[in-house]
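S.K.: Pasting in a structure now, in structure tokens, and then I'll have a few things to ask.
The values are calculated or read from the model by the stated rules, or taken from the named source; none is laboratory data. Keep in mind it's a predicted model, so treat the numbers as computed, not measured. Neighbour counts run over all protein chains shown; Cβ positions are idealised from the backbone, glycine included.
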């Protein structure tokens, strides 16, 4: 089967749009590899059961992380489809976008807290998984509320990250080369 006949499903949960942008870029990277990729925002699904995972050669599930949690809708999608995700014989990939993954000294903790814990909780067996850095947006146009901005600024300052993160603007710490490498790695599982 040639790559042009391969289809990947990417379902993501996002709060501020950063994970949506990652999913869109993943779709572009798959396209470059001549693999069709469909993306869905889990919050816009009519039903958590509506996705036909078996119609795809691989499934990627991802979420933005805030306060150490996947979006509520992504957790519900995984919970509702837990048995199916365990029984389908296609590659499954998991990814998150979070601030903790933005820095080498906390990236492994991001993977442990946000992916490995989810894998254990739902007894999943992904082919691969990855944690990507996030976007810190303290600008006036940010969708974050006052309290969330205030608390996040305190965390940034406590972790001495304010020399890297603009506490009045937007700082994008996503590593697009790492995201592209993740797509390439996941696509290799489609060949097996």
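S.K.: Residues 38, 50, 34: which one is surrounded by fewer than 18 Cβ atoms within 10 Å (Cβ to Cβ) and assigned to a strand (DSSP E or B)?
M.R.: 38
S.K.: Additional query: Inspect the range 90-105 for any residue being loosely packed, with under 14 Cβ neighbours inside 10 Å and touching a helix residue (DSSP H, G or I) at 6+ places or on another chain (Cβ under 8 Å) and give the result as yes or no.
M.R.: no
S.K.: A follow-up question, please. So residue 161 passes all but one of these: (1) surrounded by 17 or more Cβ atoms within 10 Å (Cβ to Cβ); (2) assigned by TED's automatic domain parsing to the domain that holds residue 66. Which condition number does it fail?
M.R.: Unmet for residue 161, out of (1) surrounded by 17 or more Cβ atoms within 10 Å (Cβ to Cβ); (2) assigned by TED's automatic domain parsing to the domain that holds residue 66: (2).
S.K.: To continue, here is another question. Any chance you could count how many residues in the range 53-71 are in a helix (DSSP H, G or I) and modelled with pLDDT of 95 or more?
M.R.: Number satisfying all stated conditions: 0.
S.K.: Working carefully through the options 120, 20, 86, 7, find the one that is modelled with pLDDT of 95 or more and loosely packed, with under 14 Cβ neighbours inside 10 Å.
M.R.: Just a single option satisfies the conditions, and that option is 120.
S.K.: Here's something else I'd like to know. Can you tell me how many residues within the range 6-30 are closer than 14 Å to residue 58 by Cα and not in a loop (DSSP other than H, G, I, E, B)?
M.R.: Residues flagged as closer than 14 Å to residue 58 by Cα and not in a loop (DSSP other than H, G, I, E, B) within the range 6-30 amount to 8.
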